[in-house]
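The values are calculated or read from the model by the stated rules, or taken from the named source; none is laboratory data. Values in this document were obtained by computation on a predicted structure and should not be read as measured data. Here the Cβ positions follow ideal geometry from the backbone for every residue, glycine too, while neighbour counts run over all protein chains shown. Ligands, DNA and RNA are stripped out before the accessible areas are found, and what is left, the full protein with its side chains, is counted by its heavy atoms. Shrake-Rupley method; radii C 1.70, N 1.55, O 1.52, S 1.80 Å.
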Amino acid sequence: MIVPTDIVPQITAIHASPTRLVLVFAGAGSLGLAWLHAIAGSSRTILEAVDAYAPRSLADITDHLAAPAVSAATAQAMAIWAYRRAQTLSEGNWPLLGVGLTAALRTDRPRRGADHAFLAIQNATACNVEHLVLNQQSRLEQEIAVSRWLIAAIERAGGRACSLAPSPSPRPPSAPTLRERKGEGTPSPSPQPPSAPTLRERKGEGGP
């Protein structure tokens, strides 16, 4: 596995952090997981990873949430499930993250709607949701863009999680607020209560 040299420091920082996480993804993100495993230290960071591709698998994780598979609400429900799973699996008083990623990439069959992705990260006190609109690239290029976005978001969230004490399980998901952003660069998200996550939107290639 060849990891892009510019994200090696990000992954190294993730593994150097005491943060432990569970990752759930659907539609994209497998390359990001492979990159995390390709750098020494992933056994400390990753408690579990779930590729929820089948509709029934995703429905089980989101508790049959009545929302589109690729949506802010679904990503948030995935992140909350992942955080609770991390609480179950973690041994010790570590900062925890639940990461939920759901995406619609370029496909070989007709599909309505844009190529885009939602990423939600739940920590002890807040759930942050981001939206990425993808350009008309190849599927591999879109997977690379989403995986870069995932790695950058985990690194940012890991730094914040280290300053938070463990808390009870987060509340069920509710409608997120939309904050739209156009152009380059992902803003540094501001923590919000889990019942009202922030949603940041990016357009373009999606690279950090």
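Looking at Arg109, is it open to solvent by 50 Å² or more (accessible area, probe 1.4 Å), modelled with pLDDT of 50 or more and outside any loop (DSSP other than H, G, I, E, B)? Answer is no for this residue.
Taking each residue of segment 66-91 that is more than 13 Å from Gly27 (Cα to Cα) and modelled with pLDDT of 95 or more and looking for partners that are polar (S, T, N, Q) and open to solvent by 60 Å² or more (accessible area, probe 1.4 Å) with beta-carbon atoms closer than 7 Å, six or more apart or interchain, yields Arg84/Ser169; Gln87/Ser169. Step by step: first the residues of segment 8-30, then only those that are under 13 Å from the mean Cα position of the chain (by Cα) and outside any strand (DSSP E or B), then the one that is nearest to Ile151 (Cα to Cα). Which residue is that? Top of the filtered list is Gly29. In the set (1) under 16 Å from the mean Cα position of the chain (by Cα); (2) open to solvent by 40 Å² or more (accessible area, probe 1.4 Å); (3) among the aliphatic types (A, V, I, L, M), the condition left unmet by Ala82 is number (2). Scanning segment 50-62 for residues that are farther than 19 Å from Ala114 by Cα, open to solvent by 30 Å² or more (accessible area, probe 1.4 Å) and out of contact with any Phe, Trp or Tyr (no Cβ under 8 Å at 6 or more places or on another chain) yields Ala54, Pro55, Arg56, Ser57, Asp60.
None of Ser90, Ser17 is hydroxyl-bearing (Ser, Thr, Tyr) and surrounded by fewer than 19 Cβ atoms within 10 Å (Cβ to Cβ) except Ser90. Here Thr5 meets the list (1) surrounded by 14 or more Cβ atoms within 10 Å (Cβ to Cβ); (2) within 20 Å of Ala153 (Cβ to Cβ) almost entirely, failing just condition (1).
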